[in-house]
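A short worksheet on the structure shown next.
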Amino acid sequence: MGQSCVGNWVNPEAAPTVSHQLAKLEGMIGRQLFVRAARGVSLTPVGEQYLKEVSGILHSLAVATERAASDVSLDCLRLHSSPSFGLLWLMPRLEAFRASNPDIQLNLSCSYESLHFSRDKIDVDIRHGMPNWPSYEVRTVQNEKFAVLTSPKLLAQRPIQVASDLLDCDLVLSEATLLKWPQWFAQHGLARPERPYALSFDRSYMSLEAASHGLGFALESTLLAQKYLASGALVEVAPESLSAPVAAHHLVFPKAHSSFPRVRRFLEWMESELGHEFAY
């Protein structure tokens with residue numbers, strides 16, 4: 001059962017070799033795993049359950065095969081991250097990771113795509129969203145919060161004391177975040193402002209950059225905004241009353257990867273950089 005069998009259909013051009021293998025597998029199990037049709041082959045409910053239960057074993061076998069065939073003198077940690085976390089939080093810290101782990105090579109890719117760990121050779125995926133990945137190990141970044149952020153110059157011009165003060169302000173919308181302006185206003189018992197947003201972006205780093213130039217008020221993660229806050233390019237507006245906790249970033253990986261020394265060392269380093277342990 002290779003990659004061609006994992007989806008809903010098997011390409012008919014793979015016959016007759018694949019068909020013979022599938023029939024042999026059904027004969028060994030004694031149950032029908034596949035439904036044959038003109039378009040190809042799809043899984044029965046029994047087949048879907050069987051695939052779910054053996055997928056972890058197949059992945060472990062693929063990993064072991066890859067490691068055996070690779071150059072053992074090179075240990076490459078392959079990371080995939082949501083774009084803003086990769087650029088704003090992880091990238092500035094990679095030099096520190098390399099300094100403390102000089103024997104580990106790093107490969108980092110960033111996108112919002114859902115990559116396949118085995119096919120795309122990813123060790124750890126740093127995802128943004130709700131932690132709903134029951135078949136994987138998940139380590140959630142704690143103590144992250146969303147806050148209203150803007151430039152010191154704009155805040156001096158438009159002082160903000162309570163949530164309603166923002167109703168007639170220029171707001172920057174981050175389209176990909178877990179908490180957006182409509183939900184934030186609802187949490188404060190207010191309806192979304194009728195006026196359009198001043199700007200909207202599909203990447204948090206763009207919203208933060210726009211806010212730092214005084215183009216409006218952004219609702220963003222203080223974890224991602226650490227560099228801006230530390231430099232004074234952004235300030236947090238009324239932090240005690242206008243911020244909201246959120247669990248937005250998670251380290252996700254197959255259970256088999258937890259046995260890799262490079263993954264364990266990366267997780268330990270991440271905890272030391274964050275200053276706290278992950279939530280499980």
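Here are some notes:
- A single entry from Ser174, Ser151 fulfils the requirement of being among the small types (Gly, Ala, Ser), in contact with a strand residue (DSSP E or B) (Cβ under 7 Å, 6 or more places away or on another chain) and either surrounded by fewer than 19 Cβ atoms within 10 Å (Cβ to Cβ) or not assigned by the TED database to the domain that holds Ile126 (or both): Ser174.
Residue by residue, here is whether (1) assigned to a helix (DSSP H, G or I); (2) surrounded by 15 or more Cβ atoms within 10 Å (Cβ to Cβ); (3) assigned by the TED database to the domain that holds Glu268 holds:
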site	(1), (2), (3)
Lys121	no, yes, yes
Pro134	no, no, yes
Leu155	yes, yes, no
Gln161	no, no, no
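- The number of residues in the stretch 226-280 being among the small types (Gly, Ala, Ser) and part of a helix (DSSP H, G or I) comes to 7.
- From the options Leu199, Leu224, Leu215, residue that is over 30 Å from Arg119 (Cβ atoms) and touching a residue at least 40 places away in the same chain (Cβ under 8 Å): Leu215
- Condition met for Val172 (touching a Leu at 6+ places or on another chain (Cβ under 9 Å) and in contact (Cβ under 8 Å) with a residue 60 or more places away in the chain): no
- Taken over the stretch 136-146, the residue count meeting the criterion of being in contact with a helix residue (DSSP H, G or I) (Cβ under 9 Å, 6 or more places away or on another chain) and open to solvent by less than 20 Å² (accessible area, probe 1.4 Å) is 2.
- Listed by position, the strands (runs of 3 or more DSSP E) contained in the stretch 33-117 that have at least 1 residues being modelled with pLDDT of 80 or more, surrounded by 13 or more Cβ atoms within 10 Å (Cβ to Cβ) and within 25 Å of the chain's Cα centre (by Cα) are 75-81, 104-110.
- Phe266 passes every criterion in (1) open to solvent by 10 Å² or more (accessible area, probe 1.4 Å); (2) in the same structural domain as Phe97 (by the TED database) apart from (1).
- Scanning the stretch 123-132 for residues that are in contact with a helix residue (DSSP H, G or I) (Cβ under 7 Å, 6 or more places away or on another chain) and either open to solvent by 50 Å² or more (accessible area, probe 1.4 Å) or among the acidic types (Asp, Glu) (or both) yields one hit, Asp123.
- Conditions (1) in a helix (DSSP H, G or I); (2) surrounded by fewer than 18 Cβ atoms within 10 Å (Cβ to Cβ): number failed by Ser200: (1)
The values are calculated or read from the model by the stated rules, or taken from the named source; none is laboratory data. Since the model is a prediction, treat every value here as computed from it, not as a measurement. With ideal geometry, Cβ positions are generated from the backbone for all residues, glycine too; neighbour counts draw on all protein chains shown. For the accessible areas, the whole protein counts, side chains as well, though only heavy atoms, and no ligand, DNA or RNA atoms are used. Shrake-Rupley method; radii C 1.70, N 1.55, O 1.52, S 1.80 Å.
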